[in-house]
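Every number here is computed from the coordinates shown, using simple stated rules; none is lab data. Owing to the predicted nature of the structure, the values given are computational and were not obtained by experimental measurement. Please note: Cβ atoms are built from the backbone with ideal geometry, for glycine as well, and neighbour counts cover all protein chains shown.
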Amino acid sequence: MILPTDELVLDVGVVITDTDGDETRTGVSFKVEDGSDPSLTDDIADIFENDIGDLTKQPFEGDLALTEGSDAVTSIGINNSVLDLVSPWLNLTSNGEDTDVALSSTNQTGINDTLTVSLEDGTVVMQVIVNIDGTYTIDLREPLDQDVVSNLNTLLIPVDVTDSDLDTTSATITVNVTDGDDPTGVDSDVEWTETTGEVTADGTISFTAGSDDIQSIEFDPTVLGDSAWTGLMSEGESVTVELSDDGKTLTVTANDSEAPVLTITIDNDGNYDITQHRPIEQADGTDINDLVLPVLAKDTDGDSGTANINITINDALPATGADASINIKEEGLPTVTPGVIVFTPNSDSIESYEFDPEVANDATWGALTSNDEATTVAVNGNTITVALASDSNAVALELVINSDGTFTLTQNLPLDQDVLSNINELVAGVIATDFDGDTSTADIKIKITDGTDPKITDAAVNFIETTDGAPKTGTMTITKALTIFSVFSLMMPCCLIPLGQASPVTVRQPS
């Protein structure tokens, strides 16, 4: 009989007979003790997800170094504890999908020598087979999900070997499944030129899955701390950069007006769409914005690969300006004449207008006189001032341009013109600067026409000829432009003046 003490006791009856036939009977007991049990050695199986599908490396082959004891080995099986509720085998996922774990028989009838991990659709993720000789194979066919810190699954497979008298020995296979490659991506370049309206652009950024499937593609939150993005300006306004909770929409918004500046979206296939709603200012000395938008591709176990969308925004040409003309006539001074000069933006709005400082050095402006008195010309930003050289407070002409391109020409004193054309033609160069510092020019062309010519009204004088040399006086009225004054004179016909005497003429302008 087989005893728990691994002993077998045999009772044998013995009969002793002497020469004269007498017999003596007795019993003899034999005790047979069991020999050594079979032995197994713990083993470690290091499996790498990058080897999936590589027939030179999969399935993994291992050996528990089975040694038979005194009795023959009858079975080697996987312990049912792998199916316990607390077993980590029951929590495995593959590419984010839950798995099922089952034990079955492959090489040994009625012995659970096979462990199979599969998806709900029957796809085998991993299969472990233990052979009667203590060797085993592990075939990893689909990736397992790991935590992002360790990138490792450590799983234990307890194995029991049983001999013919039911002695059992156990060993453990430690399975280390190391995560494979992370996703990799290729940068995508996109470029456009600003206009005055919205601009749209699109493209695709490509990622290649590593050992695990790509689960999502989204923008890298590090963009929110990138000064190239947070330092953008639009129409003189600073901006705020925000990322949606799902990481798939990036918005750039002007702070003061809360107007959208840029909107960028991306989907899980890497397709992205960009809309530029308002102009973006470029740095001094450049006509482009180079922005790098990092993109993350996350796989099913949380690992990620990155690539960039490289964005180039070209500034449009500076604003286009059209010359403005203004015609005035010197009547009823002082006069104030309004006008407007138009610059059409090609992308950025106009931030400021000013006059070309070279106006102060222009010969035509410098030659201006007022009632034969020299003048000085000063240009100060948005103002041109023509004043008498003798009195800077006596402003003859002033031209002022406003921030919207409107301007006013104020004439306080008459200007002298040549006698043939009776016109002053002046050109005031205007410099318009947009919000990213680009400049363009156009001219305000000024034509000032002389006022009314002088008029002399005939006068008559009657007198009695005398010889005492006393002058004769009269009144003649002269109207010159805006000034009326009187000239006192006497014109004596030659026939009435005694021979040898000069014609006395007296001219006096009243105070």
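Okay, here's what the table says:
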quantity	calculated
Pairs of lysines in the chain (C-alpha under 26 Å apart; 8 or more residues apart or interchain)	10
9 Å beta-carbon shell around Gln276, net charge (K/R +1, D/E -1)	-1
Sequence-separation-based contact order of the chain, relative, with Cα cut under 8 Å and 6+ spacing, percent	10 percent
Around Thr253: net Lys/Arg minus Asp/Glu count, Cβ-Cβ under 13 Å	-4
Label-point separation, Asp290 to Leu119 (7 Å along Cα→Cβ), nm	4.3 nm
DSSP loop GluC sites (Glu not before Pro) with at most 10 other Cβ within 10 Å excluded, longest remaining stretch of the chain	259-464
Residue-averaged [θ]222 nm for the chain, counting only DSSP H segments that reach four residues, each worth -39500 (n - 2.57)	0 deg cm²/dmol
Relative exposure of Lys298, Lys57, judged by other C-beta atoms within 10 Å (fewest first)	Lys57, Lys298
10 Å binning of all Cα-Cα separations within segment 149-195, expressed as whole percents from 0 upward	17, 22, 17, 13, 12, 8, 6, 4, 2, 0
Positive minus negative residues near Ala201 (Lys, Arg vs Asp, Glu; Cβ under 10 Å)	-3
Stretch gain in nm, segment Asn176-Ser70, where the contour uses 0.36 nm per residue and the Cα spacing is subtracted	34.8 nm
Stretch gain in nm, segment Ser244-Gln108, where the contour uses 0.36 nm per residue and the Cα spacing is subtracted	43.3 nm
R0 of 56 Å, Cβ-Cβ distance Arg25-Ile132: FRET efficiency to nearest 0.05	0.70
Two-site FRET efficiency, Asp273 against Ser390, from Cβ-Cβ distance with R₀ of 56 Å, rounded to 0.05	0.25
Matching label, Cα Rg over 2.2 N^0.38 Å computed from the structure shown, candidates (i) 1.04; (ii) 0.99; (iii) 2.30	(iii)
Extension gain from Thr56 to Thr154, taking 0.36 nm per residue of separation minus the Cα-Cα distance	33.0 nm
